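Take a look at the structure below.
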Amino acid sequence: MGLNLVQKIIGAHLVGGSMEPGAEAALRIDQTLTQDATGTMAYLEFEAMGIDRVRTERSVAYIDHNTLQSGFENADDHRYIQSVARKHGIWFSRPGNGICHQVHLERFGVPGKTLVGSDSHTPTAGGLGMLAFGAGGLDVAVAMGGGAYYINMPKVIKVELTGTLRPFVTAKDVSLEILRLLSVKGGVGRIIEWGGEGVKTLSVPERATITNMGAELGATSSIFPSDEVTRAFLKAQGRERDYTPLAPDADAEYERVITIDLSALEPLIACPHMPDNVVPVSSLKGTRVDQVCIGSCTNSSLYDMLKAAALLKGRTVAPSVSMSVSPGSRQVLTMLADCGALTDILSSGARLLECACGPCIGMGFSPNSGGVSLRTFNRNFEGRSGTRDAMVYLVSPETAVASALTGEITDPRSLGLPPLEVQLPAAFRVDDSTILAPAQPEEAGQVEVLRGPNIKAVPEGRPVEDSLTAALTLKVGDNITTDHIMPAGSKILPYRSNVPKLSQFCFEVCDKSFPERAKAAGQSLIVGGANYGQGSSREHAALVPLYLGVRAVVAKSFARIHAANLINAGIMPLTFADPADYDKLSEGMQLQLHGIHAGMDSGELTLEAEDLRIPLRCAFTQRQKAILKAGGLLNYTREENR
């Protein structure tokens with residue numbers, strides 16, 4: 001039996017465990033990345049390990065999230081990250097250089113290598129044939145220190161692409177189609193491997209759009225083969241030396257195969273408030289539009305921007321629409337300016353924003369109250385835009401521009417325009433002057449790490465004891481995202497390095513009184529529904545509950561990264577043996593767990609609540625049990641390094 005692409009890369013990086021489906025696999029990590037919303041905490045954790053220098057082939061710190069400097073906090077975090085990167089052997093991408101995933105694709109991604117990043121959309125690099133994982137900052141810190149990255153060996157779904165995309169149908173529509181087919185839970189425990197003859201028709205930026213949005217499936221990662229299209233992209237970036245051909249064996253096996261005929265797709269749109277709430281754009285014809293945003297790590301490449309510029313050329317955005325454009329990198333912005341496409345964008349009335357994440361994480365350009373916003377982003381969770389009652393839709397750049405021109409949701413095919421003819425250049429404009437190299441090892445000892453007053457220590461985890469009595473301080477429903485648990489946005493993101501302050505906003509979207517209630521309880525439990533913790537990799541959604549005294553979360557099911565982050569923080573993620581028992585619990589109950597250590601070994605616990613006895617599942621690996629008993633991954637790593 002041949003190997004699929006995932007098995008080949010994992011097999012080449014396996015340093016422990018097993019490749020049997022569901023078994024724990026320990027992987028050697030070649031590269032890491034962080035961004036500033038998660039990076040400060042990741043580097044504080046790295047420093048706490050006492051390791052002088054990173055041990056990866058390449059680690060890069062990007063500044064792309066908290067770029068709105070309305071106070072000293074974000075600027076102080078940037079200064080801290082720059083200094084700690086210089087000291088410990090990490091490359092530093094300065095503010096304005098671009099979004100981490102776009103820049104990494106352009107300048108650092110290497111086919112066949114492994115990458116772990118403290119951002120859930122790190123699998124964007126799968127468009128280049130990397131096996132890339134989003135993770136919490138502590139997992140990234142361990143990988144930087146030379147430690148393995150642990151996953152449960154995923155099953156692999158193959159998506160076989162046939163045909164060719166028709167005019168005004170895009171890679172974004174492919175992403176929305178697979179979300180329509182599988183849902184936001186359909187990729188949990190799986191890696192999506194893309195193949196088939198249709199792959200050859202997709203550029204690397206198109207492939208990266210598709211792997212980027214694999215995160216919305218809950219997938220562990222997504223990956224394309226590395227082929228002549230990959231070689232051409234790397235050559236244009238002056239990096240042909242990094243090219244390696246990679247493909248599955250002809251007789252490779254998969255859990256299942258899904259076939260998508262690219263020729264049969266039409267423009268699609270994800271409706272509020274989930275990325276899998278997908279319908280044809282044509283079905284919403286006439287719906288008013290207040291705002292349009294083009295950018296984010298999903299659709300901010302030069303390819304995307306040139307298409308948007310071609311549609312905007314000689315035309316004007318409707319008076320009722322406010323439109324923004326955020327190029328994904330300084331390279332993209334510079335090349336738009338060089339070829340005149342930037343003038344076409346600006347002449348339409350669109351506003352040019354910084355080469356950063358911006359509106360995608362609520363960092364500026366929020367919609368008007370009750371506004372309808374069409375965005376080429378990857379998430380449309382309620383309130384994520386910064387406006388609680390906004391209605392956010394996810395679309396391709398072509399649909400976004402068509403709707404901006406008409407003032408209503410518009411299928412771009414209905415404009416009667418000729419097909420867009422956009423070609424990627426044979427050579428990109430390469431200028432790495434805003435990517436700073438670290439100090440040489442002999443100089444590193446002289447580098448001072450600069451800390452601002454908003455940067456606080458990492459919360460200390462507490463070892464899991466054999467018994468627990470705690471109040472149920474919060475009960476929430478299905479598909480609770482990390483944006484629900486720990487919101488983003490311009491008002492909150494500056495406190496990502498200050499967990500005590502950040503704790504005031506925990507679960508603000510669901511229940512503003514939760515932080516005070518949790519602190520008053522001393523220690524407590526949370527109960528959730530299915531797919532608890534989906535979305536961002538932000539470990540703050542575990543660190544802040546830890547600070548507030550949360551000792552366990554009981555849910556119907558968990559998203560992969562968040563479950564790992566809870567364990568890393570020393571919080572037990574437990575699941576109902578019978579999901580119907582969720583309905584038996586209510587806020588304010590006093591809950592008890594006894595025989596926890598033996599229960600972790602057997603995989604079964606019993607939750608006692610008044611006259612109820614509710615069976616729970618706790619399928620932890622030996623390593624995860626040791627982490628919980630140590631009080632989190634940081635304590636566990638310190639003990640291992642002694």
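Odds and ends about this structure:
- Relative contact order, whole percent, for segment 89-219 stands at 27, derived from Cα pairs under 8 Å and 6 or more residues apart.
- Here K155 is the anchor, and the aspartates and glutamates within straight C-alpha reach of less than 18 Å, apart from those fewer than 8 places off in the same chain, are E20, E24, E193, E216, D249, D251, E253, E255.
- Size of charge dipole - the chain - debye, nearest 20, with Cβ of Lys, Arg +1 and Asp, Glu -1, no other charges: 760
- Among beta bridges that DSSP assigns inside segment 468-641, antiparallel share in %, nearest 5: 50
- Taking the convex hull of Cα positions in segment 268-413, its mean projected area over all directions (nm²): 7.3
- Ranking of D578, D432, D276, D119 by count of other Cβ atoms within 10 Å, fewest first: D578, D432, D276, D119
- Candidate cross-link partners of K235 among the aspartates and glutamates, defined by an alpha-carbon separation under 13 Å and a same-chain spacing of 8 or more, comprise E106, D227.
- Residue order, fewest to most beta carbons within 10 Å, for C100, C360, C271: C271, C360, C100
- In plain terms, the residue of M363, M1 with the fewest other Cβ atoms within 10 Å comes first and the most crowded comes last, giving M1, M363.
- Semi-axes of the equivalent ellipsoid for segment 468-641, computed as √(5λ) from the eigenvalues of its C-alpha gyration tensor and ordered from largest down, come to 23, 20, 14 Å.
- Extension gain from R288 to S586, taking 0.36 nm per residue of separation minus the Cα-Cα distance: 103.2 nm
- Counted over the chain, the DSSP beta bridges are approximately 35% antiparallel.
- Cross-link table K185/K285; K87/K625; K285/K307; K158/K625; K172/K313, entries beyond 26 Å C-alpha to C-alpha: K185/K285; K87/K625; K158/K625
- A straight Cα-to-Cα reach below 17 Å connects K584 with the lysines K475, K556, residues fewer than 8 places away in its own chain not being considered.
- Charge-dipole axis of the chain as Lys and Arg at +1 and Asp and Glu at -1 on Cβ define it, positive-most pick from L105, Q592, I90: I90
- Positive-end residue, the chain charge dipole about Cα centroid, Cβ charges, pick of S490, A23, Y150: S490
- The alpha carbon radius of gyration of the chain, expressed as a multiple of 2.2 N^0.38 Å, is 0.91.
Readers should treat all values here as calculations from the given coordinates under stated rules, not as data from a laboratory. Computed from a predicted model, the values in this text were never measured in an experiment. All Cβ positions, glycine included, derive from the backbone under ideal geometry; neighbour counts span all protein chains shown.
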